[in-house]
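The values are calculated or read from the model by the stated rules, or taken from the named source; none is laboratory data. The structure displayed is predicted, hence computed values, not measured ones. Note: ideal-geometry Cβ built from the backbone for every residue, glycine included; neighbour counts use all protein chains shown.
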Amino acid sequence: MSPLLYRLLSVTRSQLARARLSPITEARTFSTSHVQHAQPTTHYDEEADDRDRFKYDKYYNAVVMFGSPVVLAILFYVTYLGHEMEQHFDQDKYIHYPYLTVRNKPLPWGDGNHALFHNPEKNYVPGVGFEKKQGKHH
């Protein structure tokens, strides 16, 4: 426990009650002067706290060093599976839904009908459909 926390916890209820009833501190519910003059009644062992902190630091370092490669390997595997599964699906058939392609004015680049990062295999052009058939990647 840190010395400051110990001082805060060592304030008694009577000191808090006096601080609340004091006419000078009507708006305040806690007087810091009691905390500044509080004396610790037991010995605080800082070395033991440092030893415990070192022990926990070693534990969390080990968890990070050995746990993060496992988590990364799982994420890479899941990503690879997703990429492999994508090959087995054909390109969706284009169906023109007017509410999905509302253009009040043309887009400010290109011909005004293509998105900024347009992929002809993945993104359709409103009114036209897909410009290029999706190919197999492997």
Counting only residues in the range 77-122 that are among the hydroxyl-bearing types (S, T, Y) and surrounded by 10 or more Cβ atoms within 10 Å (Cβ to Cβ), the one nearest to the chain's Cα centre (by Cα) is identified as T79
List every residue pair whose Cβ atoms lie under 8 Å apart, where the two residues are 6 or more positions apart in sequence or sit on different chains, the first residue falls within the range 108-137 and is of a type in the set (V, I, T), and the second residue, located anywhere, is surrounded by 10 or more Cβ atoms within 10 Å (Cβ to Cβ) and at pLDDT below 85. V125/E131
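Of everything in the range 52-87, what is more than 30 Å from S2 (Cα to Cα) and among the polar types (S, T, N, Q)? Give them in sequence order.
In the first step, residues of the range 52-87 are kept if they are more than 30 Å from S2 (Cα to Cα); the result is 66-87.
S68, T79, Q87, listed by residue number.
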Can you say whether V125 is farther than 30 Å from S2 by Cβ, among the β-branched types (V, I, T) and under 24 Å from the mean Cα position of the chain (by Cα), as far as the supplied structure shows? no
